[in-house]
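Every number here is computed from the coordinates shown, using simple stated rules; none is lab data. A quick note: this is a predicted structure, and the numbers were derived from the prediction, not measured. Cβ placement follows ideal geometry from the backbone for every residue including glycine, while neighbour counts extend to all protein chains displayed.
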């Protein structure tokens, strides 16, 4: 994903929405408070070297994850008019790049 962000950072705003986590399949601690989630988001942002905005989702009815279908590790391509032009149930960088090229840069 880092290569994709690097390649398109001057033309695309990449926003990572940190949604409510479920139980981890291999154990580990799931954050339970907003402060814990904010701290994890800060740490994740540091690993991205500031190249991507990180938003911490709400865990109530205002949740972006719930509004966009409650999918885990999904991705959406939203055009400049605010219209969802591509929706991926599970994001893979190659699929995301293909959607960007088809939906946002075709003919440009």
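Summary of computed values
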quantity: Per-pair calculated FRET efficiency, R0 = 41 Å: residue 33 and residue 97 via Cβ, rounded to 0.05; calculated: 0.70
quantity: Reciprocal of mean inverse Cα separation for the chain (Kirkwood radius, Å); calculated: 15.3 Å
quantity: Relative intensity, log₁₀ I(q)/I(0), of segment 52-108 from a Debye sum that treats every alpha carbon as a point, q = 0.12, 0.21 Å⁻¹; calculated: -0.33, -0.91
quantity: Crossing angle, helix 93-104 versus the chain [Cα axis fit, 0-90 degrees, rounded to tens]; calculated: 50 degrees
quantity: Degrees, to the nearest 10: 34-47 long Cα axis against longest axis of the chain; calculated: 50 degrees
